[in-house]
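Chemist: What follows is a structure written as structure tokens; I'll ask about it next.
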Amino acid sequence: MNPEYYKVQFLAEMAPDQLPDKFFIITACNPMDQKLPLAENQQRNHALEKRILQAGHLCLPIVGASPDFTHQEASWITNGPKDQILSWAREYNQRAIFRIEMDELSIVPCDHKEEPVALGSFRARLSPPPPSATNLCSKRSE
């Protein structure tokens, strides 16, 4: 697992009390940490959004970011079933998804070879996006 995943921060417009008690965060950006062009990442994430919505699940935008916010990936909050979310993540070649349950944030690896890793409070890692932030799947400096 990429050690940067353990340092993740999140940027979202909504307040934590507007979120369900249990949900997942998934992205289709940068499969297996391979940096893709912005247009390709946006297309992949849009396709994932459509799948989440067609399945009838909650689908809210959120950005996963490095602690210094130089790397940001557009992602989705969803309350779909874990097996379905993991299936989509594997389809989009992702290493992991994030699970939030009663404010406890965990990384859930997609390969079933590793156990989920608890990271502590989700709310402690959640911030409103700065005015200059965009919901991208790339480094802001690119």
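The values are calculated or read from the model by the stated rules, or taken from the named source; none is laboratory data. Given the structure is predicted, the values throughout are model-derived calculations rather than measurements. No Cβ is skipped: glycine too gets one built from the backbone with ideal geometry, and neighbour counts run over all protein chains shown.
Chemist: Please enumerate the residues belonging to the range 1-13 that are buried (at least 19 other Cβ atoms within 10 Å of the Cβ) and either free of Cβ contacts under 8 Å to residues at least 24 places away in the same chain or not aliphatic (A, V, I, L, M) (or both).
Modeler: Answer for the range 1-13, where residues must be buried (at least 19 other Cβ atoms within 10 Å of the Cβ) and either free of Cβ contacts under 8 Å to residues at least 24 places away in the same chain or not aliphatic (A, V, I, L, M) (or both): just 10.
Chemist: If residue 94 passes every condition in (1) closer than 19 Å to residue 45 by Cα; (2) more than 12 Å from the chain's Cα centre (by Cα) but one, which one does it miss?
Modeler: (2)
Chemist: Just give me the residues in the range 41-65 being crowded, with 16+ Cβ neighbours inside 10 Å and either free of Cβ contacts under 8 Å to residues at least 12 places away in the same chain or outside any strand (DSSP E or B) (or both), in sequence order. Explain how you work it out, then say what you get.
Modeler: First, pick out the residues of the range 41-65 that are crowded, with 16+ Cβ neighbours inside 10 Å: 41-42, 44-45, 48-49, 51-52, 57, 59-65.
Within the range 41-65, 41, 42, 44, 45, 48, 49, 51, 52, 57, 59 qualify.
Chemist: Another one. Would you check which residues across the range 66-87 are under 16 Å from residue 32 (Cα atoms), in contact with a Lys or Arg (Cβ under 8 Å, 6 or more places away or on another chain) and either of a type in the set (Val, Ile, Thr) or surrounded by fewer than 22 Cβ atoms within 10 Å (Cβ to Cβ) (or both) and list them?
Modeler: Start the filter on the range 66-87 by keeping residues that are under 16 Å from residue 32 (Cα atoms), which leaves 71-75, 86-87.
Next, only the ones that are in contact with a Lys or Arg (Cβ under 8 Å, 6 or more places away or on another chain) stay: 71-72.
Result: 71, single match.
Chemist: With the requirement that a residue be of a type outside the set (A, V, I, L, M, F, W, C) and either at pLDDT below 95 or in a loop (DSSP other than H, G, I, E, B) (or both), what does the range 85-108 give you? Show your work before the answer.
Modeler: First pass over the range 85-108, keeping only residues of a type outside the set (A, V, I, L, M, F, W, C): 87, 90-95, 99, 101, 103-104, 106.
If the condition is that a residue be of a type outside the set (A, V, I, L, M, F, W, C) and either at pLDDT below 95 or in a loop (DSSP other than H, G, I, E, B) (or both), then 92, 93, 94, 95, 103 are the ones that fit.
Chemist: A further question follows. Restricting attention to the range 14-40, and to residues there that are part of a loop (DSSP other than H, G, I, E, B) and exposed (fewer than 12 other Cβ atoms within 10 Å of the Cβ), which single residue is modelled with the lowest pLDDT? Spell out how you get there, then give the answer.
Modeler: Just the residues of the range 14-40 that are part of a loop (DSSP other than H, G, I, E, B), to begin with: 14-15, 19-21, 27-30, 34-37.
Still in the running and exposed (fewer than 12 other Cβ atoms within 10 Å of the Cβ): 15, 21, 34, 37.
On the way: 15: 80, 21: 92, 34: 90, 37: 92.
So, considering only residues that are part of a loop (DSSP other than H, G, I, E, B) and exposed (fewer than 12 other Cβ atoms within 10 Å of the Cβ), the one modelled with the lowest pLDDT is 15.
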